[in-house]
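Engineer: Structure below; questions to follow.
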Amino acid sequence: MNTTLIIMAAGIGSRYGKGIKQLAKIGPHDEIIMDYSIYDALEAGFNKVVFIIRKDIEKEFKEVIGNRIEKHIQVEYVFQEINTIPEGCTVPEGRIKPWGTGQAILSCKGIVNEPFVIINADDYYGKVAFKKLHDFLIEDSHRNSEFTMAMAGFILKNTLSDNGTVTRGICVEDEEGYLHRVIETKGIIRNSQGTIDCETEESKDIIQENNRVSMNMWAGYPCFIDYLENGGKAMIFSDYTQDDLPNFDAVLENYGVKCAEGIVFEGDNQHYGMQMPYYLVPTVNSTDASSETASAGSYVLAPYAQGIQKTDDVRDTVTIDSILTTSDKAYSKTNMQSSNIEKEDGDVDGPFDLGVAITEKLDDDKETQIVYYSTANLMESQVNHMVSGGNEKLLLESLNWMTSTDDSNSVSIPSKSLESTSLTVTDYDATFWKICTIGLIPGVFLVAGFLIWLKRRKA
């Protein structure tokens, strides 16, 4: 089975100094780091190398390594250009650095047609990592799966440097042991007390020497590249983060949406619950992906959500329907360090979408369908319980919309729940009934009692 090693060597080496960092000679016989990676990949079973480079270093690159490696393995070249981005996306003014791993893989479209591993040109990974990922790629159960991917995880203490700090991705696993997220953590070092320290605040409480970390070594299949462009279906959830996510943002903007900076707060107490304006109770609109939930009058609770905004330059073939929307009084709070929950200067005015259904008609037979919700908390069982299953109802309906076809009708018969349901009220409703039960009703009885007493006294 053919397998490919993709090496990202298009970086500009802004922190390296003079020369091309990817081609720096470090071995006893003038070997560069890529020599070791390619040798280990050959030993593991890879039989093709694709170099992702810039046009301005092509000549020197081929002289230092390319021409020499061609004698031992098939070699291809791909140019990662900053302007090579999905239709509908734009390059921010002043950007000169290449995009990340996602765009690097997309630049290999048409060149990489077999399972692949992608690595950095200037990192050393070791034989074991290449062998394990190669074994993963050739396993029958994984082949031709758009969403089956793997990442090589390294023990943090084994990746530290004696000559300063390093940047690593701290891996967070879910309950089943799958990779849930990667937290880019800068300034990692073993301090004078012998413990691990870092500069990234989000990682300070979880960083340990035995953490699994990413060194940007991923394995996947070429069908992932073409999935959405060929009528794929995807349900996407995201959570707020202060880290830049250029690849994720590029996917959203390719389909006409983007996330507003910060977390959405509601200014209308009819649209939030728990007396917390970031526990949003949005309006459920009637769309193909939410009509039943909307008509049933079910509440949906969306804590810690980001605002979804529609872009102006979306393609004519793309249709965006709003599933969840805030009130006009909503605002996105950009300063998350502020203790003031009221709207401040710099906050983004609403209203916002919190969920959208996106379709793109490709031809008579194919249609891309995407459902995007800007908070993963919709899936939390406790949150769902607070609205008596409204979140679950919406998510299942959205999923059913993407999986149903003209030739089949999906039938869902939910099991009988043994749990008691919650009475769901908005903050406005809670305040109204509080006034009634504490003030109005007792007041009526007091007035009535006084009138009866007065009448009897006169008699």
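Engineer: Scanning for something on the phi > 0 side of the Ramachandran plot and among the hydroxyl-bearing types (Ser, Thr, Tyr), does the range 363-376 turn up at least one residue?
Structural biologist: no
For (1) touching a His at 6+ places or on another chain (Cβ under 8 Å); (2) in a strand (DSSP E or B); (3) modelled with pLDDT of 90 or more; (4) more than 19 Å from Trp401 (Cα to Cα), each residue gets a yes or a no:
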site	(1), (2), (3), (4)
Gln337	no, no, no, yes
Ile341	no, no, no, yes
Pro351	no, no, yes, yes
Val356	no, yes, yes, no
Glu360	no, yes, no, no
Val371	no, yes, yes, no
Leu378	no, no, yes, no
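Engineer: State whether the residues of the range 121-144 include one that is of a type outside the set (Ser, Thr, Tyr), outside the structural domain of Asn210 (by TED's automatic domain parsing) and touching a Gly at 6+ places or on another chain (Cβ under 6 Å).
Structural biologist: Yes, the conditions are met somewhere in the range 121-144.
Engineer: Which is modelled with pLDDT of 55 or more and in contact with a Leu (Cβ under 9 Å, 6 or more places away or on another chain), of Thr424, Thr437?
Structural biologist: Just a single option satisfies the conditions, and that option is Thr424.
Engineer: Specify which of the listed residues (Lys48, Lys18) is of a type outside the set (A, V, I, L, M) and modelled with pLDDT under 90.
Structural biologist: Exactly one of Lys48, Lys18 is of a type outside the set (A, V, I, L, M) and modelled with pLDDT under 90, namely Lys18.
Engineer: Do we find a residue being assigned by TED's automatic domain parsing to the domain that holds Ala376, touching a residue at least 12 places away in the same chain (Cβ under 8 Å), among the small types (Gly, Ala, Ser) and at positive phi anywhere in the range 291-301?
Structural biologist: No, that holds for no residue.
The values are calculated or read from the model by the stated rules, or taken from the named source; none is laboratory data. The shown structure was predicted, so the numbers you read here are calculated from the model rather than taken from an experiment. Backbone-built Cβ (ideal geometry, glycine too); neighbour counts: all protein chains shown.
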